[in-house]
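Right, one structure below, let's go through it.
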Amino acid sequence: MRIDVVSIFPSYFDGLTLSLLGKAQDSGILDLNVHDLREWTHDRHRTVDDTPYGGGAGMVMKPEPWGEALDALAPDTGRPTIIFPSPAGEVFTQATARELATREHLIFGCGRYEGIDERVFEYAAELGEVRLISLGDYVLNGGEVAVMAMVEAIGRLIPGVVGNPESLVEESHEDGLLEYASYTKPSVWRDREVPPILLSGNHGAIAAWRREQQVERTRARRPDLLDD
Ligand code: 6GU
């Protein structure tokens, strides 16, 4: 998979070369490229923002650098999926991550300030499939942290990125439930015992206990997940 990220703070993404996703890049499974939006400015101050038409607080990102960035990154053949992180977008879930993990080419455009000139989204739709995606109902200063989260959630679902694919199956959200509680040695720690069933060797009973745990914690912590 190819991923391009455009941001005015490209060094945010240095962390993505660490650990799991770093290995995926070394092995060629993931081709991750981070770009400074200011590469596509031409004035002495490398300006990326301006005042909003109609007035109001804050600044808006100018369309010209974004247009040049998209022209440079969208290939002549094939339509990339172009993602703009936005608190006004659809909410990112594990299902979104699974869907996007099947794409060949993702382009993430990180907005800052009060947003990006609306015409950029219209133009992007001529080059690929445009998605506005939010991490949840709260406000960040820009899209960078949201894109870090999305790239990690998507990247680990690309076949070969996570060493043991079994470990993807039993996680929170993969089956619509929260994960069960995990324990390791010692069997007694500070007077607290591991649930005896986990030491029983009865794999059927253990599986049933874990499933019950998942339903119980989901009911307690995230009843919204059980609503349908
Ligand atoms: Cl994707 N961007 C910003 N700026 N704030 C957010 C967000 C995204 N998701 C939640 N809050």
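FYI, it's all coordinate maths here, none of it is from the lab. Values in this document were obtained by computation on a predicted structure and should not be read as measured data. Counting neighbours? That spans all protein chains shown, and the Cβs are built from the backbone with ideal geometry, glycine included.
Data overview
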read-out	value
Whole-number Å³ per residue for the convex hull built on Cα positions in the stretch 109-180	133 Å³
Charge dipole magnitude, Cβ of K and R +1, D and E -1 - the chain, Cα centre, debye nearest 20	860 debye
Semi-axis lengths (Å, descending) of the ellipsoid that matches the C-alpha gyration tensor of the stretch 1-100	27, 18, 15
Largest-first ellipsoid semi-axes for the stretch 1-40, taking √(5λ) over the Cα gyration tensor eigenvalues, angstrom	20, 11, 5
Value at 222 nm in deg cm²/dmol, rounded to 500, when DSSP H runs of n ≥ 4 in the chain each add -39,500 (n - 2.57)	-9000 deg cm²/dmol
Exposed trypsin sites (Lys or Arg not before Pro) absent: longest stretch of the chain, with sites in DSSP loops and at most 14 other Cβ within 10 Å deemed exposed	47-189
Neighbour cut-off at most 13 other Cβ (10 Å), DSSP loop, chymotrypsin sites (Phe, Trp or Tyr not before Pro), the stretch 1-75	Tyr53
Overall Cα dimensions of the stretch 22-75, principal axis frame, Å, largest first	49, 23, 21
Isotropic mean projected area of the C-alpha convex hull, the stretch 49-184 (nm²)	10.4 nm²
Beta bridges by DSSP in the chain, antiparallel share as percent, to the nearest 5	15 percent
Dipole moment magnitude, nearest 20 debye, the stretch 1-58 about Cα centre, only Lys, Arg, Asp, Glu C-beta charged	60 debye
Reduced Cα scattering model of the chain, Debye log10 I(q)/I(0), q = 0.13 Å⁻¹	-0.86
Cβ-based charge dipole, the chain, positive-most Cα from Thr81, Pro196, Leu135	Pro196
Rounded, prolate or oblate (a/c below 1.5 giving rounded, otherwise prolate when a/b exceeds b/c) for the stretch 59-109 by Cα gyration tensor	oblate
Mean separation of Cα contacts under 8 Å, 6 or more apart, over the residue count of the stretch 1-132: relative contact order %	32 percent
Surrounding net charge for Thr77, when Lys and Arg each add one and Asp and Glu each subtract one, Cβ distance under 14 Å	0
Extreme residue, positive dipole direction of the stretch 1-122, given options Leu106, Ala24, Tyr12 (C-beta unit charges)	Ala24
Estimated dipole of the stretch 21-87 in Debye, rounded to 20 [Cβ of Lys and Arg +1, of Asp and Glu -1, Cα centre]	180 debye
Convex hull volume per residue in cubic angstrom - Cα atoms of the stretch 146-228	164 Å³
